[in-house]
Amino acid sequence: MSGREIVRVEGVVKDVRPGFGLRRKRVLHGIDFEVREGEIFGFVGPNGAGKTTTLKILMGLSRATAGRARVLGCDVRETAFRRHVGFLPENPYFYDYLTARETLQFYAKLCGMGRARRAERIEALLAQVGLSQAADARLRTFSKGMQQRVGIAQALVHDPDVVFLDEPMSGLDPIGRKEVRDLILRLREQGKTVFMNTHILHDVELVCDRVAIIVAGRIRHLGALQDFAGAGERQTDVLVAGLDADAGVLLEERFAAQLRGVGDRIEVRVPEKHTNDVLASLLEAGAQVVSLSPHRRSLEDLFLSAVEESQR
Amino acid sequence: MNPSRSLSCILAIAANTVRESVRSKLLYGLLFFAVLMIGAGAVIATLSYVEGDRILQDVAMAAVRFFGVAIAIFVGIHLIHREVDRRTVYTILSKPLSRGEFLLGKFFGLVLTIWLQMAIMGAVFVAISLAVGAPLGPAHLAFFALTAVELALVVAIATFFSAFTTPVLAAFFTFGVWVLGHGSRDLRDIGAGADSRWFQWVTWLIHRVLPDLETFNLSSAAAHLLPLTASDWLLPILYGAGYLTLVLFAAVAVFERRDLR
């Protein structure tokens, strides 16, 4: 890891009371992580894992019960650092009687931007998020995807150094998602730091440099995306045709192979150390080997195993 | 944060609050009935052979105060709750402004909206008084000025409750404070004549702690065109400003500590 420390979370605990008179429930169990300058950090987890709670603590909207959270070296309860920070909440809601342009003007005023800079920046942003044509339409006429674009534009209106995005692809069609991914990558090219909450693993694999997987309020994995790919036992995928059921059972018993139907063929996943033995067994059983490839452990595998681990 | 930036944030929030508030159908409904009641004063006055002008103005001023408070409470209680409920507050508070600035912006925006409504009610009052030839004097101006201060205080109280509770509870508490605030002098006098020291102490405490809203009631002086001294209107304004400041401080302190989930 290189670069200046942008976000530091140390032992953050969050307890919430689900209702009046009810017992407190712990939703964050002392989480620790840091985000470095210029990286795209993916904060990944299933629904209810504590992603949004963590983000709210970082934005000073919610208070940690214990632990410490700092952004740009400042305590998150301060307001000054927010001059350099942009935030897109999950499913953002705006004043629907304002137009897209008026909305951005409102947020730009709150950021203390002068009139001339405001006008220039807003025009550029509207073009960047593809809302130039709808700039003077009231937000009540906007689709969810268009509202999401307004949300992204307001997060970037003051040209922040750090951007926090909570489910930025939510409500967007495939083209919109591609555009947002490109936008996030452009932000990194500009030297900005992006913190992204999401449960869409494909997006994470495409844009993130480092990832933290949070499940049930605990960080299960933290590291660079390429490190995840090499983590765990190496495996090989063998695609075969004409494999009979008895031979398949034998492979499962002898080599701990996992069999999966792929069309009229069978994919056999085996530990790398058994590859030669499995190939010999397959040929002996009269099966035809179609392809053989090393299995790259995906983020999804890791994510699912983290979720399973937490349920045990 | 420097004061001019802080002021510019408060003004931006206030301007947006005015824009949002004037779209409230409830506000227009209440304003319509207020104007109707002021007009009804002229009809009621014709039923009396004596002091028709006074009856007209009494009814009209009561309508201004009642509907003014209704607007202040019903719009004020949603002030913070709606922002949190709709989560518009998340994007606003992620910008470099404090929760106190946000809350003050909302407060000033709503006060401005209510004063605009009062100006409309005042214009109708003056127009009807002139139409029927009822006398108008400085006491009427003082009545409207002090009612405006009272309504600002009611908005501050509604803002305080709105900062940490639901609109229903905020309405209940604010209305309770308004009723007790108007009756606290009578309550204190009743308590003073009671045998129980405990009752004496409680009624005295209610009078001291809750705002003495009767201070702002000049309707009787206005209806009878009584001469007023500067202290009759200046002291209530100072009292109202002081009390309002304390309530806003408390509202900001409560809102600063609130967990926005």
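Per-structure values
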{"quantity": "Hits in the stretch A:143-158 - residues which are in a loop (DSSP other than H, G, I, E, B), in contact with a helix residue (DSSP H, G or I) (Cβ under 7 Å, 6 or more places away or on another chain) and surrounded by fewer than 22 Cβ atoms within 10 Å (Cβ to Cβ)", "calculated": "none"}
{"quantity": "Qualifying residue in the stretch A:3-17 (condition: within 10 Å of chain B (Cβ to nearest Cβ) and free of Cβ contacts under 8 Å to residues at least 40 places away in the same chain)", "calculated": "yes"}
{"quantity": "Considering residues of the stretch A:11-46 that are surrounded by 15 or more Cβ atoms within 10 Å (Cβ to Cβ) and acidic (D, E) only, the residue nearest to A:L206 (Cα to Cα)", "calculated": "A:E39"}
{"quantity": "Those residues of the stretch B:207-232 which are hydrophobic (A, V, I, L, M, F, W, C), part of a helix (DSSP H, G or I) and modelled with pLDDT of 90 or more, in sequence order", "calculated": "B:V209, B:L213, B:F216"}
{"quantity": "Unique match (being over 30 Å from A:V204 (Cβ atoms), β-branched (V, I, T) and outside any loop (DSSP other than H, G, I, E, B)) among A:V289, A:V268", "calculated": "A:V289"}
{"quantity": "Out of B:A45, B:A60, sole residue that is in contact with a helix residue (DSSP H, G or I) (Cβ under 7 Å, 6 or more places away or on another chain), under 26 Å from B:I157 (Cβ atoms) and buried (at least 19 other Cβ atoms within 10 Å of the Cβ)", "calculated": "B:A60"}
{"quantity": "Some residue of the stretch A:226-233 being outside any helix (DSSP H, G or I) and more than 30 Å from A:M196 (Cα to Cα)", "calculated": "no"}
{"quantity": "Any hit, the stretch B:33-43, residues being more than 23 Å from B:A145 (Cβ to Cβ), within 14 Å of chain A (Cβ to nearest Cβ) and without any contact (Cβ under 8 Å) to a residue 60 or more places away in the chain", "calculated": "no"}
{"quantity": "Residues of the stretch B:21-45 classified as aliphatic (A, V, I, L, M) and not in a helix (DSSP H, G or I), total", "calculated": "1"}
{"quantity": "Index of the failed condition, A:R118 passing every other in (1) charged (D, E, K, R); (2) within 22 Å of B:A14 (Cβ to Cβ); (3) in a loop (DSSP other than H, G, I, E, B)", "calculated": "(3)"}
{"quantity": "Residue match in the stretch A:81-102 (condition: of a type outside the set (F, W, Y), closer than 17 Å to A:I6 by Cα, at pLDDT below 95 and outside any helix (DSSP H, G or I))", "calculated": "no"}
{"quantity": "From the options A:V163, A:V211, residue that is in contact (Cβ under 8 Å) with a residue 24 or more places away in the chain, surrounded by 17 or more Cβ atoms within 10 Å (Cβ to Cβ) and closer than 17 Å to A:F87 by Cα", "calculated": "A:V163"}
{"quantity": "Hits in the stretch A:107-120 (condition: at the interface with chain B (Cβ under 7 Å from one of its Cβ atoms), touching a helix residue (DSSP H, G or I) at 6+ places or on another chain (Cβ under 6 Å) and either over 15 Å from B:S98 (Cα atoms) or touching a residue at least 24 places away in the same chain (Cβ under 8 Å) (or both))", "calculated": "A:Y107, A:G112"}
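The values are calculated or read from the model by the stated rules, or taken from the named source; none is laboratory data. Nothing here was measured: the structure is a model prediction, and the numbers come from that model. Here the Cβ is made from the backbone with ideal geometry for all residues, glycine too, and neighbour counts use every protein chain on show.
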